[in-house]
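My questions all concern the structure below.
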Protein chains: 2
Amino acid sequence: MAETIPTPRRGRPRSFDAHEVLQQVQDAFWKGGFEGTSIDDLTGATGLNRPSLYGAFGDKHALYLQALRQYRESTLDAGRQILEDAPTLRTALEDIYRAAIRIYMGDDDGRGCFVSSTAPPEAVHDTSVRRELSAMNDGLDGHFEARIARAQAEGEVCTALPPDEAARIASAVLHSLSVRARAGASKRALHALAQSAVDLLAKAPETGSESGSEPGNSTGG
Amino acid sequence: MAETIPTPRRGRPRSFDAHEVLQQVQDAFWKGGFEGTSIDDLTGATGLNRPSLYGAFGDKHALYLQALRQYRESTLDAGRQILEDAPTLRTALEDIYRAAIRIYMGDDDGRGCFVSSTAPPEAVHDTSVRRELSAMNDGLDGHFEARIARAQAEGEVCTALPPDEAARIASAVLHSLSVRARAGASKRALHALAQSAVDLLAKAPETGSESGSEPGNSTGG
DNA sequence: GCATTTTCATACCCATCGTTACAATATTGG
DNA sequence: CCAATATTGTAACGATGGGTATGAAAATGC
């Protein structure tokens, strides 16, 4: 907080963008997990050599932790935005599950959530990783709870559960979507689970009683 | 099915029970994950030396696969039994979530579900592991669906969702309990999530409207 | 332009990884 | 008791793991 000097950097400047490199590191860990990804894999994914990686980010563990943190922060921010932008709880849940499935399915291979797919094996004996995993869950729970509470405040009679409990169910569905994606489930199956969750957590859109089965396509990326 | 010859074994007999050793192997992988567990860890956990392990089970990958399979089969069998024994859907869900939490919390450290905590990192590039993970999910979904269908057939007006969809939500809660256990969640928090899921998927027990908060203790180990 | 400072590239270090020879040991069948 | 067979224990194999020393290269400040 005391040093916000613009850029009095001396010496040779970096030839890479830290944020972008961290994104590539994240992708590598996403595919291989922490133990299953070697430094060689990381140099291959980033184009940097070992000393550059170590100089900029620290050792492998620190690198993984920073990748986890960046993913968590960006994902939670994006998720909160999606929830807030939706006019109703129903559309909010539909939108966030659709976005999650798009991420979890990757290019076409089911890769799940980066945190909940790669952190658990390390979380048992690694406190800092466990904290990251916990922070991810708490963030999701919190965002869902806030959105559900808002829905109730706005008069949407939505669910039989109090906001905090319904929120944890909503997060649970995300956990399941991630695991199922890794297990090779189809997009169709994931969308079906999401739709079931929406039907369970949010009341029908006011009019009619038609139960939508198609995920629809819009607001594409 | 053709060779059920008692034991015409020649040569020196084994000094260990394969099933028991596989259980110890499972515990080791449970704590360390696949990549994070070395052969030395396995020899330490089992008391066997490397050639014995390789001779009896094959290489590390085969060992992990057999541990996954044994866990899946025993867990699915136990789960089906619990669901079938319960008189109502509500108690069935309560019982199975209580049993799951007991397993997921281990001695006191949150270790989660063996399959869904250790398989995901490997499932991306390992087809056989992915199949195990998928079989676990399919088994859970199937058992839940059968129990919910039975509940409906027996006249329990339970949920707003068809049996197959409600079953996937029920499995999703297990997935979430596993991840949250690894994240360090308390037993209290896990039981709260389970209770919310029960309230959402099964109607109140007929009489009264009291919502139970205590997990209670019975049908112990 | 020259000293200073930081990054980049090549190579190397030691530890540990999974796997396997090889010989000693223990059991079965005769 | 002896040949045959399977398991056990010790030790080693090549490969790869994470991490780092050492200069060359490229920028800044005066």
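Going by the alpha-carbon gyration tensor, a ≥ b ≥ c the square roots of its eigenvalues, is the stretch B:100-154 rounded (a/c under 1.5) or, if a/c is not under 1.5, prolate (a/b greater than b/c) versus oblate?
It is oblate, given that a/c is not under 1.5 and a/b is not larger than b/c.
What distance in nm separates the two pseudo spin-label positions at B:His61 and A:Asp164, each 7 Å out from Cα along the beta-carbon direction?
Calculated label separation equals 4.7 nm.
Mind giving me the nanometre distance, one decimal, between the label points for A:Ser15 and B:Arg69, set 7 Å out from Cα along Cα→Cβ?
About 5.0 nm, to one decimal.
Note down, for the protein assembly as shown, the three equivalent ellipsoid semi-axes (square root of 5 times each alpha carbon gyration tensor eigenvalue), biggest first, whole angstrom.
35, 34, 18
Now, a different point. State to the nearest 20 debye the size of the charge dipole of chain B about its Cα centre, where the only charges are +1 on K and R beta carbons and -1 on D and E beta carbons.
Using only the charged Cβ atoms, the result is roughly 620 debye.
A follow-up question, please. Shape of the stretch B:1-100 from its Cα gyration tensor (a ≥ b ≥ c, root eigenvalues): rounded if a/c is under 1.5, otherwise prolate when a/b > b/c, or oblate?
oblate
When each copy gets a label point 7 Å from Cα toward the beta-carbon at A:Arg102, what are the spacings between them in nm, shortest first?
Taking the point 7 Å beyond Cα along Cα→Cβ, the inter-copy spacings are 4.5 nm.
Additional query: Would you compute, for the Cα atoms of chain A, the largest minus smallest coordinate along each principal axis and list the three values in descending order, in whole Å?
Cα extents, longest axis first: 67, 43, 36 Å.
Another one. At 7 Å along the Cα-to-beta-carbon direction for both B:Glu156 and B:Arg50, put a label point, then send me their distance in nm to one decimal.
5.3 nm
Within chain A, what's the longest run with no trypsin sites (Lys or Arg not before Pro) in a DSSP loop and at most 10 other beta-carbon atoms within 10 Å? Give the range, please.
Working: sites that count: A:Arg9, A:Arg10.
Segment A:11-221 is the longest.
Just how much of A:Phe57 is accessible, in Å², when a 1.4 Å probe is used and the result is rounded to the nearest 10?
So the heavy atoms of A:Phe57 present about 20 Å² to solvent.
Just name one of A:Ala86, A:His61, A:Leu48: the one whose Cα is farthest towards the positive end of the charge dipole of the stretch A:7-161 (beta-carbon charges, Lys/Arg +1, Asp/Glu -1).
Farthest towards the positive end: A:Leu48.
Using the heavy atoms of the protein chains alone and a 1.4 angstrom probe, what is the accessible area of chain B per residue in square angstrom?
50 Å²
Indicate the helices, whole DSSP H runs only, in chain A that combine a mean Kyte-Doolittle hydropathy of 0.0 or more with a Cα extent along their long axis of 18 angstrom or more.
Helices meeting the criterion: A:89-104, A:163-182, A:187-201.
Calculated FRET efficiency, A:Thr127 and B:Thr43, Cβ-Cβ r, R0 22 Å, to nearest 0.05?
E between A:Thr127 and B:Thr43, to the nearest 0.05, is 0.20.
Follow-up. Which of the residues in the stretch A:165-191 show a loss of at least 20 Å² in accessible area from their chain by itself to the complete set of protein chains, at a probe of 1.4 Å?
Buried by 20 Å² or more upon assembly, which counts only protein chains, are A:Glu165, A:Arg168, A:Ile169, A:Ala172, A:His175, A:Ser176, A:Val179, A:Arg180, A:Arg182, A:Ala183.
Computed FRET efficiency, Cβ-Cβ of A:Lys187 and B:Gln81, R0 30 Å: what is it to the nearest 0.05?
For R0 = 30 Å, the calculated efficiency reads 0.35.
Rounded to the nearest 100 Å², what's the accessible area chains A and B bury against each other, both chains counted, probe 1.4 Å?
3200 Å²
Along each of its three principal axes, how wide is the spread of alpha-carbon positions in the stretch B:70-201, in whole angstrom units, largest first?
Dimensions of the stretch B:70-201 along the principal axes of its Cα atoms: 44, 33, 23 Å.
Does any residue of the stretch B:29-52 lose at least 50 Å² of accessible area with all protein chains in place compared with its chain alone, and if so which ones (probe 1.4 Å)?
Correct list: B:Glu35.
At a 1.4 Å probe, what is the % contribution of carbon and sulfur to the accessible area of the stretch A:1-116?
That fraction is 48 percent.
When Lys and Arg each count +1 and Asp and Glu each count -1, what net charge do the other residues less than 11 Å away from B:Ala45, Cβ to Cβ, add up to?
Neighbourhood net charge equals -2.
When the dipole is taken about the Cα centre of the stretch B:70-201, and only Lys, Arg (+1) and Asp, Glu (-1) are charged at their Cβ, what size is it in debye, to the nearest 20?
That gives the stretch B:70-201 a dipole magnitude of about 360 debye.
The values are calculated or read from the model by the stated rules, or taken from the named source; none is laboratory data. Source: prediction; values computed, not measured. Positions of Cβ are backbone-derived with ideal geometry, glycine not excepted, and every protein chain shown enters the neighbour counts. Calculation scope for accessible area: heavy atoms of the full protein, side chains included, ligands and nucleic acids excluded. Shrake-Rupley method; radii C 1.70, N 1.55, O 1.52, S 1.80 Å.
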